[in-house]
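Worksheet: the structure to be examined is printed underneath.
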Amino acid sequence: MTQMSGGQAAVAALQAEDTKHLFGLIGSATMEIFDALYDASDINFVGVHDERTGTHMADAYARVTGTAGVFLAGQNGPGTTNLVTGLAQAKAAFSPVLSIGGALATGHVYRDAFQEVDQQALFTPVTKKTWTATEAARVPEMVRAAFRTALTPRRGPVQLNLPRDVLAGQADFEPMQDPSAYRCHTLPAAQADDIARAAQMLDTATRPVIVTGGGIKYSGGHAQALALAEALNCPIVTSPGHGDAIPFGHPLNAGQMGPRGNAVASKLVKEADVILALGTRLGFNSTFFTYDNINRDAEIIQVELDPEAIGRHFPVAMGIWSDAPTAAQQLATAVTSGQAKAEVAKWTSDFQSARESLLTQRDAVADLSHPIQPSGLFKTLRDVLPQDAAITMDAGTLCLQATDALNYWTPNSLFTPLDFGLVGFSFAAGLGIKLAQPERPVVSLMGDGGFGMTVSELSTAVDHGINSVTVVMNNGCWGAEKAYQRDFFGGRYIGADVSSPPFDQLADLYGAAGFKADRLDQVGPAIEAALASGKPSVVDVSVDPTALYSFRRDSFKHRSG
């Protein structure tokens, strides 16, 4: 037995979980934790400038490593309220973030005390689970429960509130448990009868397609998914935001489907007679929840680790509760070869020809004129970005256009806000990924508005030597909203324009490296120089402010005509 404070016990529990990086913002409510961290040389504390952006760092860190990303909000009240957006973002992405927040002393609750807010109620809607510790002796138990909950499928963020008196309290503690003693070690496989039935459906299909999502991407299951696609000789598409689930160069990869995907992948899902949804919810970004984006007459086989997701948005011919890579591997051994089936061979050959034409045409129609056009910028990025780069994106129309316009050569290389549609995610996410994989090139795409929200984290990047590259696609406006005002509200612009300082010069003032590109032929050299600079870098790219695109035209059908 060892006597410790609640704060010391919290740090010891983090050490037992092999926490390598702890993102956080210091505050007086958790001084016992910070004092214990002083002696915890095996934990790298990354002090940030804003709790929201720090949570995005932890979110991206979790996605790229498959482990929990941990954030510490040092102050109760305002220090924790700033977490809400970041945790809501992580929940939409099913990202295992463990957020720890200081909390009001137990004896002061319900007295309108300084910085009092009901943190238990506040975080419940935006997390998988929220706890408030009741005594120092239970701190390790609750930290263990938080890790276990965050990492148990379906993964998601959790919030642990630690009151001041709990952190200051003393207790005797047993040695910290090994995490393997309270983790699940295997995931469910599909039943043999279900595999046989699904294999028969796939074998009799003439226009089969596999749709992969986060269940393949985050599990590293691309090899199993591709083995199945090759056994069937059928195309494989990815859900939006998961274009990296399958390596770009594979001949059966059609890219991202749906309203924000490409025409070839989208056409496949609209015309397929059997759709195997492999680790995907067939959710909003893929389908907009309408049959405009998926064949109403197709038989759907949906493989999901979350049983509540099966058939939730579209009726299925067969639902299989299973780990997606495991089911893919089972199916690959059960199906007969699609190579011998003439209808499938033609379906796949036609798709491959269309895909080749799409990629050729994409380069051919890229507008290389001045001012810089999005298509020309994306072509330059395709040419200059290293194949092993991790790429992060924001919401907003320029990033949405870029999502399927870039090439993701290696799995787990694309990180976006996904269904939360958050602006202000990308730069912070890039910092989290670079910390996790310091030898890997990390490039973050943002608009000028989103970067302006989060630019203070340049100090974090400089202080900790986190050398990511941020490309600011600077068009001087909130592009999505300005496009809607132009197209549906008669150009009655209000609140749509953004003024910013020269971001390249601002980066220099922070001690980072700044680069400016006013012409397209300057973009490639600037990005290459940024990657080679050995510093956190910002490339400020001037994009044509009139090159606006209305993505959600369906939202304004009531104003058409």
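The values are calculated or read from the model by the stated rules, or taken from the named source; none is laboratory data. On a predicted model such as this, the values are computed, not experimentally measured, just so you know. Cβ: placed from backbone, ideal geometry, glycine included. Neighbour counts: every protein chain shown.
Tell me, which helices (runs of 4 or more DSSP H) lie completely within region 448-551 with 2 or more residues that are modelled with pLDDT under 95?
In region 448-551, the matching helices (runs of 4 or more DSSP H) lie at 479-488.
Which of the residues spanning region 417-440 are in a helix (DSSP H, G or I) and among the β-branched types (Val, Ile, Thr)?
The answer is 433, and nothing else.
Where residues in region 284-308 are out of contact with any Pro (no Cβ under 9 Å at 6 or more places or on another chain) and assigned to a loop (DSSP other than H, G, I, E, B), which of them is nearest to residue 343 (Cα to Cα)?
So, considering only residues that are out of contact with any Pro (no Cβ under 9 Å at 6 or more places or on another chain) and assigned to a loop (DSSP other than H, G, I, E, B), the one nearest to residue 343 (Cα to Cα) is 298.
Taking residue 456, is it surrounded by fewer than 24 Cβ atoms within 10 Å (Cβ to Cβ) and on the phi < 0 side of the Ramachandran plot?
Answer is yes for this residue.
Of everything in region 13-59, what is among the aliphatic types (A, V, I, L, M) and in contact with a strand residue (DSSP E or B) (Cβ under 7 Å, 6 or more places away or on another chain)? Give them in sequence order.
14, 22, 25, 26, 29, 33, 37, 43, 46, 48, 57, 58
For the subset of region 321-364 comprising residues that are among the acidic types (Asp, Glu) and surrounded by fewer than 20 Cβ atoms within 10 Å (Cβ to Cβ), which member is nearest to residue 217 (Cα to Cα)?
Step by step, filter region 321-364, then rank; the result is 356.
Taking region 246-261, which residues are assigned to a loop (DSSP other than H, G, I, E, B) and at positive phi?
258
Restricting the search to region 163-182, which residues are in contact with a Lys or Arg (Cβ under 7 Å, 6 or more places away or on another chain) and not aromatic (Phe, Trp, Tyr)?
Result: 177, single match.
Within region 388-410, track down each residue that is more than 13 Å from the chain's Cα centre (by Cα) and outside any helix (DSSP H, G or I).
Once the filter is applied, which keeps residues that are more than 13 Å from the chain's Cα centre (by Cα) and outside any helix (DSSP H, G or I), region 388-410 yields 388, 389, 396, 404, 405, 406, 407, 408, 409, 410.
Can you tell me which of (1) in contact with a Lys or Arg (Cβ under 7 Å, 6 or more places away or on another chain); (2) within 19 Å of residue 508 (Cβ to Cβ); (3) surrounded by 24 or more Cβ atoms within 10 Å (Cβ to Cβ) is the one residue 466 doesn't meet?
With (1) in contact with a Lys or Arg (Cβ under 7 Å, 6 or more places away or on another chain); (2) within 19 Å of residue 508 (Cβ to Cβ); (3) surrounded by 24 or more Cβ atoms within 10 Å (Cβ to Cβ) applied to residue 466, the lone miss is (3).
From the list 209, 264, which one is part of a helix (DSSP H, G or I), touching a residue at least 40 places away in the same chain (Cβ under 8 Å), on the phi < 0 side of the Ramachandran plot and touching a strand residue (DSSP E or B) at 6+ places or on another chain (Cβ under 9 Å)?
It is 264.
Take residue 396 and tell me if it is outside the structural domain of residue 249 (by TED's automatic domain parsing), in contact with a Phe, Trp or Tyr (Cβ under 8 Å, 6 or more places away or on another chain) and buried (at least 17 other Cβ atoms within 10 Å of the Cβ).
For residue 396, the condition - outside the structural domain of residue 249 (by TED's automatic domain parsing), in contact with a Phe, Trp or Tyr (Cβ under 8 Å, 6 or more places away or on another chain) and buried (at least 17 other Cβ atoms within 10 Å of the Cβ) - is met.
Any residue in region 528-538 that is of a type in the set (Val, Ile, Thr), in contact with a helix residue (DSSP H, G or I) (Cβ under 7 Å, 6 or more places away or on another chain), under 30 Å from residue 85 (Cα atoms) and buried (at least 19 other Cβ atoms within 10 Å of the Cβ)?
Checked region 528-538: at least one residue is of a type in the set (Val, Ile, Thr), in contact with a helix residue (DSSP H, G or I) (Cβ under 7 Å, 6 or more places away or on another chain), under 30 Å from residue 85 (Cα atoms) and buried (at least 19 other Cβ atoms within 10 Å of the Cβ).
Taking region 64-114 as the search range and keeping residues that are in contact (Cβ under 8 Å) with a residue 60 or more places away in the chain and more than 27 Å from residue 18 (Cα to Cα), which one is nearest to the chain's Cα centre (by Cα)?
Checking each candidate, the answer is 104.
To keep it simple, each residue is scored yes or no on (1) over 27 Å from the mean Cα position of the chain (by Cα); (2) farther than 20 Å from residue 400 by Cβ; (3) charged (D, E, K, R); (4) in the same structural domain as residue 463 (by TED's automatic domain parsing).
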{"site": "487", "(1), (2), (3), (4)": "yes, no, yes, yes"}
{"site": "492", "(1), (2), (3), (4)": "yes, yes, yes, yes"}
{"site": "505", "(1), (2), (3), (4)": "yes, yes, no, yes"}
{"site": "508", "(1), (2), (3), (4)": "yes, yes, yes, yes"}
{"site": "511", "(1), (2), (3), (4)": "yes, yes, no, yes"}
{"site": "534", "(1), (2), (3), (4)": "no, yes, no, yes"}
{"site": "541", "(1), (2), (3), (4)": "no, no, no, yes"}
{"site": "546", "(1), (2), (3), (4)": "yes, no, no, yes"}
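Name the residues in region 287-305 that are modelled with pLDDT under 95 and within 23 Å of the chain's Cα centre (by Cα), would you?
Scanning region 287-305 gives 287, 288, 289, 293, 305.
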